[in-house]
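Data block below; observations after.
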Amino acid sequence: MVTDDVTIVFGGDAGQGIRSTGLGFIKAIARSGLFPFGRQDYRSRIRGGHNFFEVRVNTDQIYTHTEGIDLLVAITEDTITEHLDEVVEGGGIIYDEDFEIDESEVENRGVNLFPVPLSKIAMEEGGAKIMANTAAIGAVVGLTDFDISYPEEIIEENFALKGDAVVQNNLDVLRAGRDYVESHSYDFEYQLEPGSQKIGRMVINGNQAFAIGAVAAGCNFVSAYPMTPSTSILEWITKHSKELQIVTKQPESELAAINIAIGASHVGARALVTTSGGGFSLMVEALGLASMTETPLVIAEVQRPGPSTGLPTRTEQGDLLSVVRASQGEFPRIVLTPGTIEQAFEAGARSFNLAERYQLPVIVLSDQHLANSVRAVDGDRISMEDVEIDRGELLASDDLDGLDGTYYRHKFTDSGVSPRALPGHENAVYKTTGNEHDERGDITEDPEIRTKMVEKRMRKLETALDQDLRPPDLYGQAAAEVSLVSWGSTYGAAREAVDRLNDMQVSANCYHLSDSWPLRKEDFSDLFEKANKVVLVEGNGTGQMGGLITQETGFSVDQQILKYDGRPFTPEYIIERVQEVV
Amino acid sequence: MNGNVSISDYQYPTKPTWCPGCGDFAILQGLKMALVDLGLKPHQTIVLSGIGCGSKLPHYMNVNGFHSVHGRPVAVATGAKLANPDLNVVVTAGDGDSYGIGANHFLHACRRNIGITQIVENNRVYGLTKGQYSPTSYKGFVTKTSPEGSIEPPLDPLPTALVSGATFIARAFSGDVKHMAEVIGKAMEHTGYALVDVLQPCVTFNAGRSYDFYNERVYKLDEDYDPTDRQIAMKKAEEWGDKIPLGIIYKTERPTYEDQVPALNEGPIVEQSLDPVERSGVSFQEIKKSFF
């Protein structure tokens with residue numbers, strides 16, 4: 001039997017290479033023309049403790065993981081204990097034959113056991129126990145009738161730098177894993193038959209997509225202090241910083257990171273700061289400085305559950321109000337909340353133009369789920385070539401050459417945006433300050449100028465709403481009985497919930513916010529006037545987006561589906577709760 | 001007048017809000033004189049500051065200025081220098097900014113050897129908030145927040161800079177503008193991080209560290225003083241009491257941070273194309289390759 005949807009979970013201890021194994025398998029799946037969704041679940045430690053990597057494979061594009069495991073690949077005994085409850089009837093477990101497990105308990109659940117001498121194969125064929133992972137991939141290949149040439153290709157590429165011997169050992173282990181399964185005529189109903197679109201797909205996660213978008217947009221300066229789950233953005237850009245000529249700096253603190261970025265941006269760099277909620281909290285004073293001095297700045301805030309250290313490696317959408325409101329005083333900022341890997345790329349690219357066009361901080365609010373989840377994305381959708389770089393009202397050297405008289409950095413304009421000169425030109429020597437200032441940048445306490453300056457700065461948001469910011473994306477039919485409202489990484493689960501609800505004859509659609517601040521009332525009229533039930537789906541305990549929508553539009557959602565256990569939404573979780581409502 | 005630059009080029013209409021007799025006037029004048037001596041025009045320099053009386057300095061001269069928040073001017077300056085090393089980057093901030101709330105940035109700027117000049121307006125008291133003890137206040141200093149006298153000994157900036165790896169460490173005095181201008185000039189000429197700690201009387205809130213107090217104690221280092229000897233420099237850096245040395249205490253050469261950033265090999269990034277392909281010659285296909 002060929003099924004169109006299989007979930008495989010690779011489980012083991014931290015330090016056993018579970019992530020690399022999962023990622024290698026995903027690449028093989030993508031090249032075979034199938035569609036993977038990969039998700040990493042790990043703990044805040046370097047060694048020890050159960051980790052797993054979940055790979056869902058479908059014949060069509062998918063945007064989320066789902067509940068239930070069809071095939072559990074257990075590199076440790078703990079993996080079986082941790083996940084047995086989730087393995088579906090008819091599913092199976094690949095495990096090392098040396099493990100002591102209660103076979104009858106597993107078989108009573110209708111779950112098939114596929115013992116394979118993983119460690120023995122690894123030692124005998126490869127000479128190292130760590131290759132048990134490779135033997136397990138071989139076993140998966142044998143069990144699902146997957147074309148072995150795809151994982152072979154990945155092994156050849158991944159281990160090329162380690163030399164021919166390592167490549168050959170891994171290939172031997174892979175094949176031995178497959179041969180073992182085939183020679184034991186294990187029977188498993190899920191088969192991985194290659195699809196038609198085999199080339200042109202990128203295997204990429206949300207952080208990487210954001211980083212590539214930022215690079216395409218001309219980001220040439222990154223200043224960041226490591227904080228999970230944002231760190232891989234800093235790492236990816238730094239890895240390529242020499243060849244791409246990007247200055248990257250890991251300074252002494254988050255306070256330093258954002259202020260360094262502000263200094264760089266002030267003199268003309270396209271500067272990025274990456275952090276998570278804790279680091280962002282430290283940056284708040286400087287956020288106001290950027291807005292007050294009208295310095296463009298992009299901050300990638302990759303959320304994890306708080307408060308304080310919270311759950312460092314897990315996911316939550318608890319920082320929305322923090323990034324929208326964080327300030328002393330009132331000042332404008334734009335918040336983007338990408339929901340897919342494609343949107344993460346786009347947010348990376350758009351954020352720098354928005355920051356420079358409106359001369360304010362742009363916060364791209366992502367989370368661990370989007371940051372680390374991997375899909376095979378059409379390479380054309382990650383279209384670096386098409387990213388346009390727009391620096392807004394930046395005065396070129398030629399403009400300044402002809403400047404007659406005093407340059408006013410904070411000039412009052414209808415749009416709220418003042419033409420910006422970079423320090424260094426003879427005709428535009430100027431200052432700016434975190435103090436309230438006049439058009440020239442001199443400190444003032446004049447009440448009239450103060451009032452006009454506040455209005456000028458805030459007016460930039462109206463201009464941005466008019467010219468650049470997007471209404472919620474509608475997924476599904478225009479009018480539906482149930483309208484889900486989602487933002488950020490919840491998109492994938494909400495989207496599939498909509499599809500499945502419609503299949504179940506419950507008319508549903510989803511409004512997804514990928515531009516989350518500022519909001520515009522008119523964008524919500526259709527939603528609240530056409531839907532019978534508006535159901536908010538967000539990964540926090542207080543329904544922050546719901547509150548924000550009510551505050552800005554006067555509309556209120558009818559129901560909330562919230563989640564704050566540190567784990568991402570699944571379609572099943574949403575569907576179950578929608579069914580309680582309708 | 002020096003070539004085509006004169007002190008008048010640096011004049012700005014805004015009148016300082018400093019008290020009459022404030023040491024900040026001399027620092028403002030000393031900085032202007034040093035810039036003229038070096039033949040630098042106003043657009044070639046950016047002066048960054050934090051919060052406090054002295055941090056208003058950029059507002060009182062015709063120069064690019066960035067008046068940031070308390071404690072962070074060294075960080076903002078570091079970013080400005082990394083993005084455009086062609087700019088002459090100067091920080092003017094007080095002892096609270098530099099050695100208190102911003103001490104971490106100070107330490108790391110020293111070891112990083114980032115090419116900025118940090119002029120510390122060290123009046124040993126919080127003036128703008130009207131008289132509280134600061135990180136460099138002497139033990140026993142009676143203020144509104146230390147009515148029984150400050151309990152802590154002061155932070156000693158020069159030895160701290162030395163052990164933190166600073167490559168240029170100097171002290172100047174607001175009572176001697178000409179000497180201060182020379183020291184600031186040498187600091188700006190130095191490639192790498194330079195600290196100029198300025199003994200700056202606060203005539204309103206720190207009577208114990210007055211012009212008289214310093215005039216009785218300061219002396220200029222001899223012309224034959226060798227600032228490159230680290231052992232001697234440590235002794236001089238620690239010298240305090242009846243005799244307080246002024247001048248360049250320590251100076252050494254070490255590659256600057258910005259000179260070692262590979263991305264800056266082709267010059268300031270602000271002068272390169274923003275288009276990554278145009279800038280680096282690396283194609284989009286190459287950038288994306290590892291994901292296929």
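The values are calculated or read from the model by the stated rules, or taken from the named source; none is laboratory data. Fair warning: this is a prediction, and the values are worked out from it, not measured in the lab. With ideal geometry, Cβ positions are generated from the backbone for all residues, glycine too; neighbour counts draw on all protein chains shown.
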Scan region B:226-243 residue by residue and report those that are in contact (Cβ under 8 Å) with a residue 60 or more places away in the chain and either in contact with a helix residue (DSSP H, G or I) (Cβ under 7 Å, 6 or more places away or on another chain) or within 14 Å of chain A (Cβ to nearest Cβ) (or both). B:ALA233, B:MET234, B:ALA237, B:GLU238
Selection status of B:LYS235, of a type in the set (D, E, K, R), modelled with pLDDT of 95 or more and touching a Phe, Trp or Tyr at 6+ places or on another chain (Cβ under 6 Å): no
Has region A:216-223 got at least one residue that is more than 8 Å from chain B (Cβ to nearest Cβ) and not hydrophobic (A, V, I, L, M, F, W, C)? no
Mind listing just one residue for me: the one in region A:395-433 that is charged (D, E, K, R) and touching a His at 6+ places or on another chain (Cβ under 7 Å) and, of those, nearest to the other protein chains (Cβ to nearest Cβ)? A:LYS431
Being within 7 Å of chain B (Cβ to nearest Cβ) and either of a type in the set (S, T, N, Q) or within 18 Å of B:GLU271 (Cα to Cα) (or both) is the filter here; which residues of region A:233-262 pass it? A:SER241, A:LYS242, A:GLU243, A:LEU244, A:GLN245, A:ILE246, A:VAL247, A:SER253, A:ASN259, A:ALA261, A:ILE262
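Is there a residue in region A:459-468 that is touching an Asp or Glu at 6+ places or on another chain (Cβ under 6 Å), of a type in the set (A, V, I, L, M, F, W, C) and within 30 Å of A:THR315 (Cα to Cα)? Lay out the reasoning, then the answer.
Keep residues of region A:459-468 that are touching an Asp or Glu at 6+ places or on another chain (Cβ under 6 Å), which gives none.
No: zero hits.
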Does any residue in region B:256-272 that is facing chain A (nearest Cβ under 7 Å) come within less than 6 Å, Cβ to Cβ, of a residue that is in a helix (DSSP H, G or I) and not aliphatic (A, V, I, L, M) six or more places away or on a different chain, and which pairs are these? B:PRO262/A:LYS242; B:ALA263/A:SER241; B:LEU264/B:GLU258; B:GLN272/B:ARG279
Got at least one residue in region A:388-407 being under 33 Å from the mean Cα position of the chain (by Cα), within 18 Å of A:PRO296 (Cα to Cα) and among the hydrophobic types (A, V, I, L, M, F, W, C)? yes
Just a yes or no: is a residue in region B:82-91 more than 7 Å from chain A (Cβ to nearest Cβ), buried (at least 24 other Cβ atoms within 10 Å of the Cβ), more than 24 Å from A:VAL222 (Cα to Cα) and not basic (Lys, Arg)? no
Positions within region A:347-383 being within 12 Å of the chain's Cα centre (by Cα) and not polar (S, T, N, Q), in sequence order: A:ALA347, A:GLY348, A:VAL364, A:LEU365, A:ASP367, A:HIS369, A:LEU370, A:ALA371, A:VAL374, A:ARG375
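Say whether the condition of being part of a helix (DSSP H, G or I), more than 27 Å from B:GLY39 (Cα to Cα), more than 20 Å from the chain's Cα centre (by Cα) and not aliphatic (A, V, I, L, M) is met by at least one residue in region B:216-229.
Looking for residues that are part of a helix (DSSP H, G or I), more than 27 Å from B:GLY39 (Cα to Cα), more than 20 Å from the chain's Cα centre (by Cα) and not aliphatic (A, V, I, L, M), one finds none in region B:216-229, hence no.
Looking only at region A:220-249, which residues are of a type outside the set (D, E, K, R) and in a strand (DSSP E or B)? Show your work before the answer.
Step one: list which residues in region A:220-249 are of a type outside the set (D, E, K, R), which gives A:220-234, A:236-238, A:240-241, A:244-248.
If the condition is that a residue be of a type outside the set (D, E, K, R) and in a strand (DSSP E or B), then A:PHE221, A:VAL222, A:SER223, A:VAL247, A:THR248 are the ones that fit.
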Tell me, please, whether a residue that is among the polar types (S, T, N, Q) and surrounded by fewer than 23 Cβ atoms within 10 Å (Cβ to Cβ) can be found in region A:215-230. yes
Just checking, how many residues over region B:235-266 are assigned to a strand (DSSP E or B) and among the β-branched types (Val, Ile, Thr)? 3
Consider A:GLY49 against the criteria (1) buried (at least 23 other Cβ atoms within 10 Å of the Cβ); (2) touching an Asp or Glu at 6+ places or on another chain (Cβ under 8 Å); (3) more than 29 Å from A:ARG381 (Cα to Cα): it satisfies all of them except one. Which criterion is unmet? (1)
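Scan region A:381-394 residue by residue and report those that are more than 9 Å from chain B (Cβ to nearest Cβ) and either part of a loop (DSSP other than H, G, I, E, B) or within 13 Å of A:GLU346 (Cβ to Cβ) (or both).
Within region A:381-394, the first condition is being more than 9 Å from chain B (Cβ to nearest Cβ), and the residues that meet it are A:381, A:386-388, A:390, A:392-394.
Result: A:ARG381, A:ASP386, A:VAL387, A:GLU388, A:ASP390, A:GLY392, A:GLU393.
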Of (1) in a loop (DSSP other than H, G, I, E, B); (2) at the interface with chain B (Cβ under 8 Å from one of its Cβ atoms), A:PRO307 fails just (2)
What is the residue count in region A:263-286 for residues that are within 14 Å of chain B (Cβ to nearest Cβ) and either crowded, with 24+ Cβ neighbours inside 10 Å or farther than 28 Å from A:LEU311 by Cα (or both)? 13
Which one is surrounded by the most Cβ atoms within 10 Å (Cβ to Cβ) among residues in region A:287-319 that are in contact with a strand residue (DSSP E or B) (Cβ under 9 Å, 6 or more places away or on another chain) and among the hydroxyl-bearing types (Ser, Thr, Tyr)? A:THR315
Test: residue in region B:248-271 that is of a type in the set (A, V, I, L, M, F, W, C) and within 20 Å of the chain's Cα centre (by Cα): yes
Considering only region B:57-69, state which residues are within 7 Å of chain A (Cβ to nearest Cβ) and within 15 Å of the chain's Cα centre (by Cα). B:PRO58, B:GLY65, B:PHE66, B:HIS67, B:SER68
Residues of region A:249-262 that turn out to be polar (S, T, N, Q) and crowded, with 24+ Cβ neighbours inside 10 Å, as a count: 1
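Looking at A:GLU522, A:GLU445, A:GLU462, A:GLU455, which is the one that is within 14 Å of chain B (Cβ to nearest Cβ) and surrounded by fewer than 16 Cβ atoms within 10 Å (Cβ to Cβ)? Outline the logic, then answer.
Working: A:GLU522 fails: within 14 Å of chain B (Cβ to nearest Cβ); A:GLU462 fails: within 14 Å of chain B (Cβ to nearest Cβ); A:GLU455 fails: within 14 Å of chain B (Cβ to nearest Cβ).
Going through A:GLU522, A:GLU445, A:GLU462, A:GLU455 in turn, just one is within 14 Å of chain B (Cβ to nearest Cβ) and surrounded by fewer than 16 Cβ atoms within 10 Å (Cβ to Cβ): A:GLU445.
One line per residue, one yes/no per condition, for (1) crowded, with 22+ Cβ neighbours inside 10 Å; (2) closer than 17 Å to A:THR490 by Cβ; (3) modelled with pLDDT under 95:
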site: A:SER351; (1), (2), (3): yes, no, no
site: A:ALA371; (1), (2), (3): yes, yes, no
site: A:GLY392; (1), (2), (3): no, no, no
site: A:LEU403; (1), (2), (3): no, no, yes
site: A:LYS411; (1), (2), (3): no, no, no
Pairs, first more than 14 Å from every other protein chain (Cβ to nearest Cβ) and more than 14 Å from A:GLY33 (Cα to Cα) in region A:184-202, second surrounded by 14 or more Cβ atoms within 10 Å (Cβ to Cβ) and of a type in the set (A, V, I, L, M), C-beta under 7 Å, six or more apart: A:TYR186/A:LEU143; A:PHE188/A:LEU143; A:TYR190/A:VAL6; A:TYR190/A:LEU71
I'd like to check something: does region A:503-516 contain any residue that is among the aromatic types (Phe, Trp, Tyr) and out of contact with any Asp or Glu (no Cβ under 9 Å at 6 or more places or on another chain)? no
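Of these, A:ILE549, A:ILE561, A:ILE575, which one is buried (at least 18 other Cβ atoms within 10 Å of the Cβ) and either closer than 17 Å to A:ASP473 by Cβ or among the polar types (S, T, N, Q) (or both)? If you could, list the steps in order and put the result at the bottom.
Working: A:ILE561 fails: either closer than 17 Å to A:ASP473 by Cβ or among the polar types (S, T, N, Q) (or both); A:ILE575 fails: either closer than 17 Å to A:ASP473 by Cβ or among the polar types (S, T, N, Q) (or both).
Step by step, each of A:ILE549, A:ILE561, A:ILE575 is checked, and only A:ILE549 is buried (at least 18 other Cβ atoms within 10 Å of the Cβ) and either closer than 17 Å to A:ASP473 by Cβ or among the polar types (S, T, N, Q) (or both).
Residue check: is A:LYS198 modelled with pLDDT under 95 and more than 21 Å from A:ASN58 (Cβ to Cβ)?
no
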